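Structure, as structure tokens:
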Amino acid sequence: MFYESASCLRDVVQNHLFQIVALLAMEPLGYQGHDAVHAEKYKVFRAMRPVAPEDLVRGKYAGYRDERGVAADSDVEAFYAQRLFIDWWRWQGVPWNLRAGKCLAATASEILVELKPPPQRLFDDSAPAACRTNYLRSCLAPHAAIAFAARVKRPDKEFSGEQRELLMLDSRTEDQAPYERLLGDVIAGDSTLFAHQECIESASARTSMLNMLARSIEHELVERKHHLGARGRGGRVVPTAARSRYGRSSRRLA
């Protein structure tokens, strides 16, 4: 199995999620050009805070070790979750929660930005424990979409609200598959969609530190009994392990 040589951390987090975080967190460009984008992304990697043991979870789905090509004592994770902090004034105190894994309830890539609630309660029921704050959601795959969710007043006399999501879906079909486009860019010498060497090396070095951290604290690999996945609040894919008891050396991501 591919994950036995790559792992979820190396394959998805290092190569994809870290790059997305850098794009979202980078400062405005000082000049127009792709080099400016790569320079600002590199600054984000430099500002990432070292991860604490309690902010990291590794796991595997039930039956992973029974898969063909997987060792009976495999310690490779098929699920990875991490809370990340970026030590900049703009992102001070803002957690970045990264999650990735195989055999979840859906195959999807999305970015969810949860906004802080206002200091004053606008609705009588605006602060229950199960209530979500307003959020902005960007879907990257399998379909490109952007959504905004806000709490609006119900059409009755009581001053109570309910959360509604406005979804804008890009229904256009791509002329080229993602990797087909990348191969064409290689032939044309266009590096727009490729990460610079400095960013790749920074992501790789951070991944190596995360691997050493996970093993230095005797981090047991959590057996996730999710049976092809579980969904969290609002339809987000959240493995069962993120809502249940972990092993001795694992930690919960709130």
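Observations, loosely collected:
- Using the Karplus relation 6.51 cos²θ - 1.76 cosθ + 1.60 with θ = phi - 60°, the per-residue 3J(HN,Hα) values for the range 24-30 come to 6, 8, 5, 6, x, 5, x Hz, with x marking Gly and Pro.
- Gyration tensor verdict on the range 52-130 (Cα atoms; rounded if a/c is under 1.5, prolate if a/b is larger than b/c, oblate otherwise): prolate
- Modelled label positions at Phe123 and Lys153, each set 7 Å beyond Cα in the direction of Cβ, lie 1.2 nm from each other.
- Cut-off 14 Å, label 7 Å out along Cα→Cβ of Leu29, residues of the range 174-214 by amide N: 191-194
- Note, ³J(HN,Hα) from phi for the range 158-170, Karplus 6.51, -1.76, 1.60, rounded to Hz, x at Gly and Pro: 6, 8, 10, x, 8, 8, 10, 10, 9, 10, 10, 10, 7
- With neighbour counts taken as other beta-carbon atoms within 10 Å, the residues Asp175, Asp185, Asp87 rank, fewest first, as Asp175, Asp87, Asp185.
- Between Ser5 and Ala144, the FRET efficiency estimated from the beta carbon spacing at R0 = 30 angstrom works out to 0.45.
- Checking the Cα-Cα distances for Lys60/Lys153; Lys116/Lys157; Lys41/Lys102 against a 32 Å cut-off, the pairs over it are Lys60/Lys153.
- Trypsin sites (Lys or Arg not before Pro) within the range 4-68: DSSP coil, no more than 15 neighbouring Cβ in 10 Å: Arg68
- Local charge for Leu23 was computed over the other residues whose Cβ lies under 10 Å away, with Lys and Arg +1 and Asp and Glu -1, and equals 0.
Every number here is computed from the coordinates shown, using simple stated rules; none is lab data. Quantities reported herein were computed from a predicted structural model and do not represent experimental measurements. A quick note on method: Cβ atoms are made from the backbone with ideal geometry, for glycine too, and the neighbour counts reach across all protein chains shown.
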